Each structure stands twice: as C-alpha cells, then as structure tokens.
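Report on the structure given below.
The values are calculated or read from the model by the stated rules, or taken from the named source; none is laboratory data. Keep in mind the model is a prediction, meaning the values are calculated, not measured. Glycine gets a Cβ as well: all are built from the backbone with ideal geometry, and neighbour counts include every protein chain shown. These accessible areas exclude ligands, DNA and RNA; they are computed on the full protein's heavy atoms, side chains included. Shrake-Rupley method; radii C 1.70, N 1.55, O 1.52, S 1.80 Å.
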Amino acid sequence: MKEARDGAKMALIGSLDELTGLLSSRRNLYVRWSMGPQADLPQPSSRDELTGVELPGLSANPLDVEDWWGDRPLRTWVARRLHDYSHLPRVKDRRVKPWLLHGTEAGRGPDNEPLVRDVQPLGWVDAKAIAEAEEEVEKQRGAWGPLQRHRRISLIAKRRTMNMGDPQQPEARRSGKGAATPQESRHLKAAQPQTPKKTGSKEDQAQTGGGPTPPEQRPDHP
C-alpha cells in the first residue's frame, strides 16, 4: 500500500489486485463509501434515510467471499463488491470515497447491508482500483450495475408523472390533454369518438354559399 495523497494518515490501496491480495489473507473486511474515518468514527452510527432512525453501526459492503462462489476468481468477486456502490460520489457528494475497514457486524440495515462496529480503518481505495473493477465487471457475460436507489426513485417518479399528467392542472388531467408524450397524445386523440360533420342539403348550400341554412330560414317539409 502507498501513502495516501490526500494527506490523511491512512494507506492507499492502489489497484484491484492489491485489494484482492488483502482479501485472500484476512476476513471481516468491508468497504465503506463516505468522507472517511475522521468523519465517521467520532459517532460510528449510520442513519436510516427513510425514517431517520439511528442504526447500531456503520453501513458497509462486505468483502468476505461466500461459499457458493466456489473456486471462481476472487478478483471478480472483489470487483463486483466495489462496483455495487460506485455511483454514490455522483448522486450524493463528490467527496465520498471508498475505504477499506476491518470490523464486527452488529446487525443489518434497511437494505440488508451489514452494520459494523469496532471499526479499524485500513486504507483508502484508489480511483484506479474502482476503474479496474468496472472493467472486470464489464468482461462478464451477465448485465450488472450498481445498486443505484436514487436512479430507481427518479424513474418511479417519472413514471408516476407520465401517468398523472401535470398535478397542477386537474382539468387537463381529466380531459386527457395532459399526456406525457406526443405518442400518448395521439393515442388519446384516436380513442376519442369522432363527431361527423353536419352538411345541409344542396338547396341550403346553394342559398348560403356552401354552409347550412339557419333553421328559421328553412321551408316547412310535409
């Protein structure tokens, strides 16, 4: 491990292979994405974003290999674990970075993630290791993305908006004019009953230049 460039008194894990080597010789290792031990350890407790409940430890992503993984490459296992939360710096705060820690699991959080106590910081995970993890994931046959809850929430909100129209315009919503896309507008228009155009008799058209004759000017019919 190299010395961290940001001046923090913690080592820097410079590659995916280096992190894989650490995992092969030690258990109870976790990766946490945050602003670092200096921000987390004075009060080592995460908080549930939905309810605000204080949790009995720091939420972290476990690195220990499960038995079902068998003799598959350890490097691929570590890569997917790093990739799981790689979206956090983009959706939360650019200062959020991954760091490796050793700890004891005290429970499970709302996403079934381990809540860790007795935390021992081991080192920052360099951006190079994250890039190598993404490359390793892309090599695999299946599709795999990060656990991006914020994107799912945005998609759900967008779908609800498309279904509702503009909630500030109830009249448009009731009349079907609040469709979210031009395609939906065309479907709604096609589904509406078409009223046939009324045309007068040839006699009416001749008297009015093509338009229908007003009722009071029409002759009585037997």
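Here residue 68 meets each of (1) closer than 22 Å to residue 112 by Cβ; (2) modelled with pLDDT of 95 or more; (3) surrounded by 14 or more Cβ atoms within 10 Å (Cβ to Cβ) with one exception, condition (3).
Within the set 34, 86, 15, 46, the sole residue that is hydroxyl-bearing (Ser, Thr, Tyr) and touching a Gly at 6+ places or on another chain (Cβ under 9 Å) turns out to be 46.
Out of all the residues in the range 147-157, is one or more modelled with pLDDT under 95, surrounded by 12 or more Cβ atoms within 10 Å (Cβ to Cβ) and either among the small types (Gly, Ala, Ser) or touching a Cys at 6+ places or on another chain (Cβ under 6 Å) (or both)? Yes, some residue in the range 147-157 is modelled with pLDDT under 95, surrounded by 12 or more Cβ atoms within 10 Å (Cβ to Cβ) and either among the small types (Gly, Ala, Ser) or touching a Cys at 6+ places or on another chain (Cβ under 6 Å) (or both).
The residue that is farthest from residue 73 (Cα to Cα), counting only those in the range 15-56 that are open to solvent by less than 60 Å² (accessible area, probe 1.4 Å) and among the charged types (D, E, K, R), is 48.
Could you check the range 73-96 and list, in sequence order, the residues that are polar (S, T, N, Q) and either free of Cβ contacts under 8 Å to residues at least 60 places away in the same chain or surrounded by fewer than 19 Cβ atoms within 10 Å (Cβ to Cβ) (or both)? If the condition is that a residue be polar (S, T, N, Q) and either free of Cβ contacts under 8 Å to residues at least 60 places away in the same chain or surrounded by fewer than 19 Cβ atoms within 10 Å (Cβ to Cβ) (or both), then 76 is the only one that fits. Residues in the range 82-134 that are assigned to a helix (DSSP H, G or I), charged (D, E, K, R) and farther than 22 Å from residue 50 by Cβ: 3 in all.
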